[in-house]
Amino acid sequence: MDRIHAFGEPFSGDALGDLDAVGLVDALRAGTVSAREVVDAAIARVESVNPTLNGLAYEAFDRARARTELRRPYGGFFDGVPSFLKDNVAVAGMPTMDGTDAWDPRPADSDGDFARAYVGTGLVPLGKTQLSEFGFSASAEHPRLGPVRNPWNTEHTAGASSSGSAAFVAAGVVPIAHANDGGGSIRIPAACNGLVGLKPSRGRLPLDKDMRQMPVRIVHNGVVTRSVRDTAAFYREMERVAANPKLPPIGDITGPGKQRLRIAVCTQSIAHEASPEVSELTFKTAALLEELGHRVTVIDNPVPPRFKDDFLLYWALLAFALVKGGPRTFGESFDRSKLDNLTLGLEKHAARNLHRLPLAIARLARVRRITSRLSADQDVLLTPTLAEVTPRIGHLDPTADYQQIVDRLIEWVAFTPLQNVTGDPAISLPLAESASGLPVGMMFSAQLGQDARLLELAYELEEARPWSRIQG
């Protein structure tokens, strides 16, 4: 196994150490480290590991250093903590390439709605991180940009689409990084890289204009972190700069909840049963929940099989709009011949099935009724985050035949799309490990607006079964 070890050895004495984001805030406020020292340490770590992990899409190191020279670079709780934004949101002065090289880079004129709120928490972006092309694949393996590799074992994928962010956080480059999720893209890389990944309730965090205009708002912004307290602190701080009054506030969640929950467990996805190894690990997690006093019930998957076809068609519609509108959206340099087989195959799938879209979208809109009915008897649903353990680089090769890629995606990513459609919150926690030593994520979901319940449960599970980390 070719594992990137913590950079613990070469970086054991730098300003970052093995601190999480909240720990760095404490150190910065105590004066034991400075913002410049922390940012310089993170940059050194990026430069050391990126040749192997390939998570960097755009570097803004000088800009980050300049921010630390200001008396208060941004303000906010995380003031001075280095981070990254994913390369599919607008950031002033940085291009947005969406994981492809199909057009010439153009710096954005201004921050998008999400980046404006993100830096309002005080986080210092060092640049942007890599993703799969337009976020369509669950593995970033671009034929020209190269694959993003998993720091636990670099022969395996880091997941996607928020692959670069997850790889850097897991490796200890930064403690927290932006991720977003249109079909599992926070939770999938969190599961692959041994991280905490909360896809929040729909509307919890701001979206840029292009993502707000989707017929079904499946995309949700968030972060990946190494600790539950970092994720909880991030959502607390985002409520201070961009609260949504239509949702119950999360507030300041600092530990486990006292309520014992009714938890349904399901290892049957919309495609098939999870692999024997993943199913066994899921039931071990269910047993832990029972030991903690929660009431666990095994259920069958309540979602109709048609869901996967409807979601795939909607996913394909997004590719259709991007490819057909490429020159208008991305400029005259847009070259569709540089797009990968998955993007082009999805575009063709949508073109052949446009007449089926209205009914597919209508059925997707009704799926939330199913989870609402489930919530009458259950507080939380437990499933594996992914149906199988993390595959090797090449399993989702974007130069392969389109049907092969899609079939393998559906087999692997069979649990996460549901909450993108319903808008319900879901969190992946690294509670298990495969026989080969790779992290295996367990996913917990709740009703819309109940993000706080998931964070309280996450704290409880983190205390009961602390997870392994590369860093620290």
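Please identify the pairs in which a residue from segment 193-218 that is within 15 Å of Ala90 (Cα to Cα) has its Cβ atom under 6 Å from the Cβ atom of a residue that is β-branched (Val, Ile, Thr), counting only partners at least 6 apart or on another chain.
Note: pairs meeting the criteria are Asp208/Val89; Met211/Val219.
For Gln471, all conditions in the list (1) surrounded by 20 or more Cβ atoms within 10 Å (Cβ to Cβ); (2) under 20 Å from the mean Cα position of the chain (by Cα); (3) at pLDDT 95 or above hold save one; what is the number of the exception?
(3)
Grab the helices (runs of 4 or more DSSP H) fully contained in segment 12-75, keeping just those with 3 or more residues being under 23 Å from Ala140 (Cα atoms), touching an Asp or Glu at 6+ places or on another chain (Cβ under 9 Å) and touching a residue at least 24 places away in the same chain (Cβ under 8 Å). Give the steps one after another, and end with the answer.
On the way: elements: 21-30, 35-53, 61-69.
Helices (runs of 4 or more DSSP H) meeting the threshold: 35-53.
Open to solvent by less than 60 Å² (accessible area, probe 1.4 Å) and at pLDDT below 95: does that describe Ile250?
Numbers: open to solvent by less than 60 Å² (accessible area, probe 1.4 Å): yes; at pLDDT below 95: no.
Here the answer is no, as Ile250 does not meet what is asked.
Looking only at segment 114-161, count every residue that is of a type in the set (A, V, I, L, M, F, W, C) and under 23 Å from Trp315 (Cβ atoms) and tell me the total.
Initially, segment 114-161 is screened for residues of a type in the set (A, V, I, L, M, F, W, C), giving 114-115, 117, 119, 123-124, 126, 131, 134, 136, 138, 140, 145, 148, 152, 158, 160.
Narrowing further to those that are under 23 Å from Trp315 (Cβ atoms): 114, 131, 134, 136, 138, 140, 145, 148, 158, 160.
Residues meeting the conditions: 10.
Quick one: Thr68 ticks every box in (1) polar (S, T, N, Q); (2) at pLDDT 95 or above; (3) open to solvent by less than 40 Å² (accessible area, probe 1.4 Å) except a single one, so which number is it?
Of the numbered conditions (1) polar (S, T, N, Q); (2) at pLDDT 95 or above; (3) open to solvent by less than 40 Å² (accessible area, probe 1.4 Å), the odd one out for Thr68 is (2).
Conditions tested, residue by residue: (1) open to solvent by 10 Å² or more (accessible area, probe 1.4 Å); (2) farther than 13 Å from Gly164 by Cβ.
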{"residue": "Thr96", "(1), (2)": "yes, yes"}
{"residue": "Asp101", "(1), (2)": "yes, yes"}
{"residue": "Pro107", "(1), (2)": "yes, yes"}
{"residue": "Ser110", "(1), (2)": "yes, yes"}
{"residue": "Arg116", "(1), (2)": "yes, yes"}
{"residue": "Val124", "(1), (2)": "no, yes"}
{"residue": "Gly127", "(1), (2)": "no, no"}
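Of the conditions (1) closer than 30 Å to Pro143 by Cβ; (2) crowded, with 24+ Cβ neighbours inside 10 Å, Gly394 fails just one. Which one is it?
The failed condition is (2).
Quick check on Lys284: is it touching an Asp or Glu at 6+ places or on another chain (Cβ under 9 Å) and either closer than 15 Å to Phe444 by Cβ or surrounded by fewer than 16 Cβ atoms within 10 Å (Cβ to Cβ) (or both)? Even if it seems obvious, please write down each step before you answer.
Details: touching an Asp or Glu at 6+ places or on another chain (Cβ under 9 Å): no; either closer than 15 Å to Phe444 by Cβ or surrounded by fewer than 16 Cβ atoms within 10 Å (Cβ to Cβ) (or both): yes.
Spelling it out, it is not the case that Lys284 is touching an Asp or Glu at 6+ places or on another chain (Cβ under 9 Å) and either closer than 15 Å to Phe444 by Cβ or surrounded by fewer than 16 Cβ atoms within 10 Å (Cβ to Cβ) (or both).
Going by the structure shown, is Glu332 surrounded by 16 or more Cβ atoms within 10 Å (Cβ to Cβ) and not aromatic (Phe, Trp, Tyr)? Talk me through it step by step, then tell me what you get.
Values: surrounded by 16 or more Cβ atoms within 10 Å (Cβ to Cβ): no; not aromatic (Phe, Trp, Tyr): yes.
Here the answer is no, as Glu332 does not meet what is asked.
Scan Ala360, Ala351, Ala365 and give me the residue that is small (Gly, Ala, Ser) and either out of contact with any helix residue (DSSP H, G or I) (no Cβ under 9 Å at 6 or more places or on another chain) or surrounded by 16 or more Cβ atoms within 10 Å (Cβ to Cβ) (or both). Steps first, answer last, please.
Working: Ala351 fails: either out of contact with any helix residue (DSSP H, G or I) (no Cβ under 9 Å at 6 or more places or on another chain) or surrounded by 16 or more Cβ atoms within 10 Å (Cβ to Cβ) (or both); Ala365 fails: either out of contact with any helix residue (DSSP H, G or I) (no Cβ under 9 Å at 6 or more places or on another chain) or surrounded by 16 or more Cβ atoms within 10 Å (Cβ to Cβ) (or both).
Testing whether each residue is small (Gly, Ala, Ser) and either out of contact with any helix residue (DSSP H, G or I) (no Cβ under 9 Å at 6 or more places or on another chain) or surrounded by 16 or more Cβ atoms within 10 Å (Cβ to Cβ) (or both) leaves just Ala360.
Please count how many residues of segment 288-299 are open to solvent by 40 Å² or more (accessible area, probe 1.4 Å) and either closer than 19 Å to Glu462 by Cα or hydroxyl-bearing (Ser, Thr, Tyr) (or both).
As a first pass, look at segment 288-299 and keep what is open to solvent by 40 Å² or more (accessible area, probe 1.4 Å): 290-293, 295, 297-298.
Retained after the next criterion (residues that are either closer than 19 Å to Glu462 by Cα or hydroxyl-bearing (Ser, Thr, Tyr) (or both)): 290-293, 295, 297.
Going through segment 288-299 one residue at a time, the tally reaches 6.
Report whether or not Leu145 is under 22 Å from Gly184 (Cβ atoms), open to solvent by 20 Å² or more (accessible area, probe 1.4 Å) and in contact (Cβ under 8 Å) with a residue 12 or more places away in the chain. Quick ask: steps written out before the conclusion?
Values: under 22 Å from Gly184 (Cβ atoms): yes; open to solvent by 20 Å² or more (accessible area, probe 1.4 Å): yes; in contact (Cβ under 8 Å) with a residue 12 or more places away in the chain: yes.
Here the answer is yes, as Leu145 does meet what is asked.
With Leu346, Leu357, Leu342, Leu364 as the choices, which residue is under 30 Å from Leu454 (Cα atoms) and touching a residue at least 40 places away in the same chain (Cβ under 8 Å)?
Details: Leu346 fails: under 30 Å from Leu454 (Cα atoms); Leu357 fails: under 30 Å from Leu454 (Cα atoms); Leu342 fails: under 30 Å from Leu454 (Cα atoms).
From the options Leu346, Leu357, Leu342, Leu364, the qualifying one is Leu364.
The values are calculated or read from the model by the stated rules, or taken from the named source; none is laboratory data. Given the structure is predicted, the values throughout are model-derived calculations rather than measurements. Glycine also receives a Cβ, built like all others from the backbone with ideal geometry; neighbour counts cover every protein chain displayed. Only protein heavy atoms, including side chains, enter the accessible area calculation; ligands, DNA and RNA are left aside. Shrake-Rupley method; radii C 1.70, N 1.55, O 1.52, S 1.80 Å.
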